[in-house]
1. On the given criteria, is B:Leu83 surrounded by 14 or more Cβ atoms within 10 Å (Cβ to Cβ) and at pLDDT 80 or above?
2. Give segment B:1-46 a look and list any residue that's assigned to a loop (DSSP other than H, G, I, E, B) and of a type in the set (A, V, I, L, M, F, W, C), or say none.
3. Being within 12 Å of another protein chain (Cβ to nearest Cβ), among the hydroxyl-bearing types (Ser, Thr, Tyr) and crowded, with 16+ Cβ neighbours inside 10 Å is the requirement here; does B:Tyr98 meet it?
4. Would you be able to say whether some residue in segment B:27-42 is touching a residue at least 12 places away in the same chain (Cβ under 8 Å), away from chain A (no Cβ under 14 Å) and surrounded by 19 or more Cβ atoms within 10 Å (Cβ to Cβ)?
5. What is the number of the single condition among (1) touching a Lys or Arg at 6+ places or on another chain (Cβ under 8 Å); (2) of a type outside the set (S, T, N, Q); (3) away from every other protein chain (no Cβ under 14 Å); (4) buried (at least 16 other Cβ atoms within 10 Å of the Cβ) that B:Tyr47 does not meet?
6. Can you find even one residue in segment B:136-143 that is within 24 Å of A:Ser15 (Cα to Cα), within 26 Å of the chain's Cα centre (by Cα) and in a helix (DSSP H, G or I)?
7. Tell me which residues, restricted to segment B:144-171, are under 26 Å from B:His49 (Cα atoms) and not in a helix (DSSP H, G or I).
8. Give segment A:1-51 a look and list any residue that's of a type in the set (Gly, Ala, Ser) and at pLDDT 70 or above, or say none.
Amino acid sequence: MYRNYFRVKGLNRLSSILTRFTILLMVATLACVAIDILPLLGAMIQVFVVLGYLVITFCTFFLILLNENFREKFKELGKFSNWSEYANDLAIKMKNIPFILFSICIVLCIVCIINYIINKNYDRKTHLIVVPCVMTSLATVFTIIHMILINVFSY
Amino acid sequence: MIKICTSNLNDEVLVYYKDAPLKFKKENGDFVAEVDYSTEIELTFVYMHEFRSKLWFLYMLFFYIISVFGLFAKLYEKSCIQLNTKVVLKPNSSNEVYNFRIHKPKNASSEIAVLFSNDDHSKNIFYDGDTNFFVEDPVAKKRKKLYNLFAALSWIAIIISVVVIVIVTLI
């Protein structure tokens with residue numbers, strides 16, 4: 001019985017690590033796509049893209065750092081109790097993030113490919129296309145492993 | 001089918017029925033598990049620190065490495081406590097619903113850990129009064145200290161290695 005207990009705990013830990021890896025990969029992918037696309041956009045849109053990217057990066061690190069100990073500390077502060085409950089909900093929802101990322105991965109891949117087809121004359125951009133594609137593929141593999149862990153084995 | 005429900009499912013505490021963990025599904029905001037009707041349903045509530053396993057060092061080392069020196073892993077529980085208690089339900093009919101709550105304190109406590117809140121079923125619920133609370137786990141506590149020491153030493157080693165590599169590269 002206890003062996004089974006630690007197997008469940010181990011799988012939960014593994015899937016949480018995969019989630020964090022996937023999120024980080026996606027942020028890196030977004031950065032590459034943004035760098036690749038930025039020169040083609042107008043000045044105002046460039047600002048929005050950079051701001052959007054900063055928000056996503058902040059949220060990512062917020063999610064990566066989000067764990068029981070952080071939540072406990074916020075609970076101790078008392079006045080942040082509502083925030084803590086919100087963070088708790090987010091942590092539960094975090095289990096679904098790879099499913100959302102899976103869709104984003106596909107969209108990003110399409111964006112990369114279209115961008116490559118349009119700008120294939122620019123040699124400078126070629127390597128920037130490869131990086132997001134490789135990272136998106138990695139994120140997709142992690143997502144699939146995560147989905148298997150959650151749906152087949154996990155508690 | 002007998003329904004076992006809770007509103008605060010703590011995924012660290014596993015509920016066992018017939019030596020297999022119960023699978024809870026979310027229904028209308030509550031977590032619900034179904035078990036086959038029988039005159040006596042024995043549920044075991046288990047919580048142990050992850051360092052309590054036999055192969056704890058390999059377990060820790062494996063996750064420490066794949067999570068890039070613990071950066072991407074959630075932290076291990078600070079409190080080294082354990083719970084292993086049994087609750088026996090004796091339903092009268094096959095469509096009864098039982099609600100329970102798990103109270104997990106930060107440290108070992110004499111507060112009741114598992115409590116079923118159905119007033120109408122109260123006569124059909126039997127607790128093991130001697131084990132229904134979280135107790136301190138000295139073995140896990142000792143191992144946690146070893147892990148902290150290991151993590152601290154490895155991080156010191158990593159920082160020294162990085163500094164050395166940077167200096168060598170610059171020279």
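The values are calculated or read from the model by the stated rules, or taken from the named source; none is laboratory data. Worth saying up front: this structure is predicted, and the values here are computed from it rather than measured. Here Cβ is always computed from backbone atoms with ideal geometry, including for glycine, and neighbour counts include all displayed protein chains.
1. yes
2. Selection gives B:Met1, B:Leu9, B:Val13, B:Leu22, B:Phe24.
3. Criteria not met by B:Tyr98.
4. yes
5. Condition not satisfied by B:Tyr47: (3).
6. yes
7. If the condition is that a residue be under 26 Å from B:His49 (Cα atoms) and not in a helix (DSSP H, G or I), then no residue fits.
8. A:Gly10, A:Ser15, A:Ser16, A:Ala28, A:Ala31
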